[in-house]
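Chemist: Here's a structure for you.
Quick note: the coordinates plus some simple rules give every number you see, no bench work behind them. As the structure is a prediction and not an experimental result, all values here were calculated from the model. As a convention, Cβ positions derive from the backbone with ideal geometry for all residues, glycine included, and neighbour counts pool all protein chains shown.
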Ligand code: NDP
C-alpha cells in the first residue's frame, strides 16, 4: 500500500492522518497515512528513512518547513516564493516540493466562505511563514489593495517590496494603519497560540468584514473576540484552510480532488 505521513515536532495534535485517511476512503484510494515525529535537527534523516522505506510523500508542519525547503530537489515557484515547503512528493529519486498553505487559505476564503478577493481591501497581519505563503495567492486574486502589517514593520515593508511585482501591496507597522478599514482581515500571526492579541485597532473592521483567524480549534481567540466586539458578523478560524491545503496535497499526490465539506464540518468547533 502507498505510504504517506505528516512530519513535525511535536506532532501529537495533528489532524492530518484523520483528514487524509477520510479523503482516501471517500475517493477509493488505497493508502496508509501516519504521523511522524522527528527530533529538532533530525528532519533530513527522518525524511530519508521514510523515503527508503517506500514512502511516497509527506506533509510538513512546524518546525520543519524550512528544512523541507532545503531538502527538496525540485521546488514549485510558489514554494520558492513562500520560502517554505509544506508538502513533498518522492518520485524517481527526486524530491518535489510545494506549499499549499496559501492556496488552501485562499480557497477557504473564496469558495467556502464566499468572499471573493477581487477588488476588495484585504488586511493580512503577520510576517512569518504563513503570511508569506499567502502573499502570492492573495495578490493573484487581484484585491484592490493588500496591506501587510507586522509587529516588526521592517519585515512587512521588505516582503511588500519583494512581492510588489505580483500586485498592489503595501507593508506597514500597526501604528501606520491610520483608521483604515478592510473587507477581509486575516490574522496570520502566531499571537493566538499564546492567547495574545496583535496590536490592531477595531477601526480595521466594518460590520460586513470577514475576520479570519489562521489558528484553529481554539474557539474565540482574542482576535476573533475583538472582531466580534466590533460588530463583525462573519468570523472564521483556520480549520477550512487546514482541510483545503490537505486536499490540494492529496490531489497533487493522487490525481483525485476530495470533497472537503464533510471533513470541514467534522472538524469545525463552534466559535463561542
Ligand atoms: P511564525 O512563527 O512564522 O510567524 C509568527 C508571526 O506572528 C511573526 O510575524 C510575528 O511578528 C507575529 N507575532 C507573534 N506574536 C505576535 C503578537 N503578540 N502581536 C503581533 N504579532 C505577533 O508563525 P507561522 O506564520 O508559521 O504561523 C502563524 C499562525 O498561522 C499560527 O497561529 C499557526 O498555527 C497558523 N497556521 C495555520 C495553518 C492552518 O492550516 N490553519 C497553517 C499554518 C499556520 P514578528 O515578525 O514581529 O516577530
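Chemist: For a quick protection proxy, order the peptides 219-225, 169-175, 209-215, 104-110 by their average other-Cβ count within 10 Å, most packed first.
Modeler: Output ranking for 219-225, 169-175, 209-215, 104-110: 209-215, 104-110, 219-225, 169-175.
Chemist: Indicate, rounded to the nearest 5 percent, the antiparallel portion of the DSSP beta bridges found entirely in the chain.
Modeler: Taking every DSSP beta bridge with both residues in the chain, the antiparallel ones total about 20 percent.
Chemist: Per 0.36 nm of contour for each residue apart, how much would the distance between residue 202 and residue 91 grow if the chain were fully extended, relative to their Cα-Cα spacing?
Modeler: Answer, rounded to one decimal: 35.1 nm.
Chemist: Under the 0.36 nm per residue contour assumption, what length would be gained going from the current alpha-carbon distance of residue 168 and residue 48 to full extension?
Modeler: Roughly 39.1 nm would be gained on extension.
Chemist: Any idea what angle helix 129-140 forms with the longest principal axis of the chain, computed on alpha-carbon atoms, 0 to 90 degrees, nearest 10?
Modeler: Taking Cα atoms only, the helix is inclined about 70 degrees.
Chemist: In degrees from 0 to 90, rounded to the nearest 10, what is the angle of the helix 153-163 Cα long axis to the longest principal axis of the chain?
Modeler: It works out to around 70 degrees.
Chemist: Under the 0.36 nm per residue contour assumption, what length would be gained going from the current alpha-carbon distance of residue 26 and residue 252 to full extension?
Modeler: Length gained, residue 26 through residue 252: 79.7 nm.
Chemist: Now for a separate question. Give me the tail of P(r) for the chain as a percent: Cα-Cα pairs with distance above 24 Å.
Modeler: Roughly 48 percent, rounded to a whole number.
Chemist: Further question: Roughly what angle does helix 16-27 make with the longest principal axis of the chain, taking Cα atoms, 0 to 90 degrees, to the nearest 10?
Modeler: Rounded to the nearest ten degrees, it is 70.
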